[in-house]
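**Q** Provided herewith is a single structure, encoded as structure tokens, for subsequent inquiry.
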Amino acid sequence: MKKLFVSRALPDSVMAALAEHFDVTCRDATRPMGVDECRAALADHDVVLPTLGDAFTADAFTGDIRAKGLANFGVGFNHIDVDAARAVGLVVTNTPGAVTDATADTAMTLILMAARRAGEGERMVRAGDWHGWHPVQMLGMHVSGKTVGIIGMGRIGQAIAKRCTAGFGMKVVFWNRSDKSIDGADQLASVADVCTQADVVVTALAATAETRHIIDAEALSAMQPHAILVNIARGDVVDEAALIEALQSGAIGGAGLDVYEREPTVPDALKALENVVLLPHLGTAALEVREDMGRMALENAVAIAEGRTPPNPV
Ligand SMILES: NC(=O)c1ccc[n+]([C@@H]2O[C@H](COP(=O)([O-])OP(=O)(O)OC[C@H]3O[C@@H](n4cnc5c(N)ncnc54)[C@H](O)[C@@H]3O)[C@@H](O)[C@H]2O)c1
Ligand SMILES: O=C(O)[C@H](O)CO
């Protein structure tokens, strides 16, 4: 049997399916792999199944390598230096599609929580500070009929657009690096144009050198003072320091974040703000979604081990 290294335990059904095809070693830790662990895994296994944040940097590919590929568990692969992997003959795969609906749902959760001040209200109730309903208490933004601006109209961006139009009657504007024709949505020329027009800006693009800090101080200053920023992509597409400043100064109305620049570190300055909703990277956190991701990673791993072209090369 070929040897598979799994970086963190996956749902039981996925671990059982992996074991039917591979001699599996599963790491007994929940934190991401360091670069030395990555190098060791590549040296001793035919396929490696990495998870979010594992340090497959260029350095990880510098030792002896037995592995033929990396079957990533997740659609985002910014923790893997794909060029360095390819340079030493490894194929890298991901799990597109399996994550789309759940992540779009998380974006909607953040939009609604931030707009309707749900986190703030929940904290008030739990603290025993709620003294009863009154007509002008905790008024938030009514999202129905407002404009959502999506930065990155890939699979998840489109699923968010669909939810915003069908569910909430929102107008959709978007920025995407290539031209895209999306029913009921207007493509704008720049990120700044989207930020200027939208009541809610949502980032849904891949993390790359080009998209790092695509939401920077300038983009934030283009947003309206009542507008909300939601990030379900990766932490580094937003300049976190600039976001904190914009929230503290009232340059924007609020934010909803599922991802952070230095996960799992969440800056104290963010935690201190009432107008931010903070989730712990929950985008795909539902059992059936993680099982689907596992099934896709397994199919990719088997193809890599058998020397076939895998279904989802990145
Ligand atoms: N919060 C979560 O748990 C969670 C879950 C799933 C995915 N994600 C993130 O969401 C991202 C998008 O997922 P998807 O399935 O929609 O992917 P996708 O490939 O369908 O879409 C990616 C988008 O990023 C854009 N993009 C890629 N490289 C770019 C570049 N260099 N410059 C400008 N734009 C660029 C593409 O044009 C596209 O709009 C993933 O890469 C991942 O990082 C987060
Ligand atoms: O990229 C992804 O798929 C998520 O962030 C991890 O589930």
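The values are calculated or read from the model by the stated rules, or taken from the named source; none is laboratory data. This is a predicted model, so every value here is computed, not measured. Here the Cβ is made from the backbone with ideal geometry for all residues, glycine too, and neighbour counts use every protein chain on show. Heavy atoms of the whole protein, side chains included, go into the accessibility calculation; ligands, DNA and RNA do not. Shrake-Rupley method; radii C 1.70, N 1.55, O 1.52, S 1.80 Å.
**Q** Can you go through E291, E240, E218 and tell me which one is open to solvent by 20 Å² or more (accessible area, probe 1.4 Å) and either touching a Pro at 6+ places or on another chain (Cβ under 8 Å) or in the same structural domain as L42 (by TED's automatic domain parsing) (or both)?
**A** E291
**Q** Inspect all residues belonging to the range 114-126 and state whether any of them is buried (at least 20 other Cβ atoms within 10 Å of the Cβ), modelled with pLDDT of 95 or more, under 18 Å from the mean Cα position of the chain (by Cα) and within 25 Å of Y260 (Cα to Cα).
**A** Yes, there is a match, as at least one residue in the range 114-126 is buried (at least 20 other Cβ atoms within 10 Å of the Cβ), modelled with pLDDT of 95 or more, under 18 Å from the mean Cα position of the chain (by Cα) and within 25 Å of Y260 (Cα to Cα).
**Q** Within the range 94-114, track down each residue that is of a type in the set (V, I, T), within 7 Å of ligand 1 (Cβ to nearest atom) and part of a loop (DSSP other than H, G, I, E, B).
**A** Of everything in the range 94-114, just one residue is of a type in the set (V, I, T), within 7 Å of ligand 1 (Cβ to nearest atom) and part of a loop (DSSP other than H, G, I, E, B), namely V99.
**Q** Within the range 3-74, considering only strands (runs of 3 or more DSSP E) that don't extend past its boundaries, which have at least 1 residues that are surrounded by fewer than 23 Cβ atoms within 10 Å (Cβ to Cβ) and aliphatic (A, V, I, L, M)?
**A** Ranges flagged: 23-26.
**Q** What do you reckon, is T208 open to solvent by less than 40 Å² (accessible area, probe 1.4 Å), of a type in the set (S, T, Y) and either touching a helix residue (DSSP H, G or I) at 6+ places or on another chain (Cβ under 6 Å) or closer than 24 Å to G74 by Cα (or both)?
**A** Considered against the rule, which asks whether it is open to solvent by less than 40 Å² (accessible area, probe 1.4 Å), of a type in the set (S, T, Y) and either touching a helix residue (DSSP H, G or I) at 6+ places or on another chain (Cβ under 6 Å) or closer than 24 Å to G74 by Cα (or both), T208 comes out as no.
**Q** Turning to a different aspect of this structure: Among the residues of the range 19-46, how many are in contact with a helix residue (DSSP H, G or I) (Cβ under 6 Å, 6 or more places away or on another chain) and among the hydrophobic types (A, V, I, L, M, F, W, C)?
**A** Final tally of qualifying residues: 3.
**Q** Name the residues in the range 261-281 that are out of contact with any strand residue (DSSP E or B) (no Cβ under 9 Å at 6 or more places or on another chain), part of a helix (DSSP H, G or I) and surrounded by 15 or more Cβ atoms within 10 Å (Cβ to Cβ), would you?
**A** A269
**Q** Can you tell me which residues in the range 296-314 are among the aliphatic types (A, V, I, L, M), open to solvent by less than 20 Å² (accessible area, probe 1.4 Å) and in a loop (DSSP other than H, G, I, E, B)?
**A** none
**Q** Yes or no: the range 98-108 includes at least one residue that is surrounded by fewer than 17 Cβ atoms within 10 Å (Cβ to Cβ) and out of contact with any Cys (no Cβ under 8 Å at 6 or more places or on another chain).
**A** no
**Q** Out of (1) more than 16 Å from ligand 1 (Cβ to nearest atom); (2) surrounded by fewer than 17 Cβ atoms within 10 Å (Cβ to Cβ), the odd one out for D83 is which?
**A** Against the list (1) more than 16 Å from ligand 1 (Cβ to nearest atom); (2) surrounded by fewer than 17 Cβ atoms within 10 Å (Cβ to Cβ), D83 comes up short only on (1).
**Q** Residue check, M293 against (1) out of contact with any Ser or Thr (no Cβ under 6 Å at 6 or more places or on another chain); (2) part of a helix (DSSP H, G or I), all met but one. Which one?
**A** Among (1) out of contact with any Ser or Thr (no Cβ under 6 Å at 6 or more places or on another chain); (2) part of a helix (DSSP H, G or I), the lone unmet condition for M293 is (1).
**Q** Something else now. Restricting attention to the range 118-141, which residues are part of a loop (DSSP other than H, G, I, E, B) and touching a residue at least 24 places away in the same chain (Cβ under 8 Å)?
**A** Answer for the range 118-141, where residues must be part of a loop (DSSP other than H, G, I, E, B) and touching a residue at least 24 places away in the same chain (Cβ under 8 Å): G140, M141.
**Q** Next question. For the range 176-203, enumerate the residues that are part of a strand (DSSP E or B), small (G, A, S) and more than 13 Å from ligand 1 (Cβ to nearest atom).
**A** none
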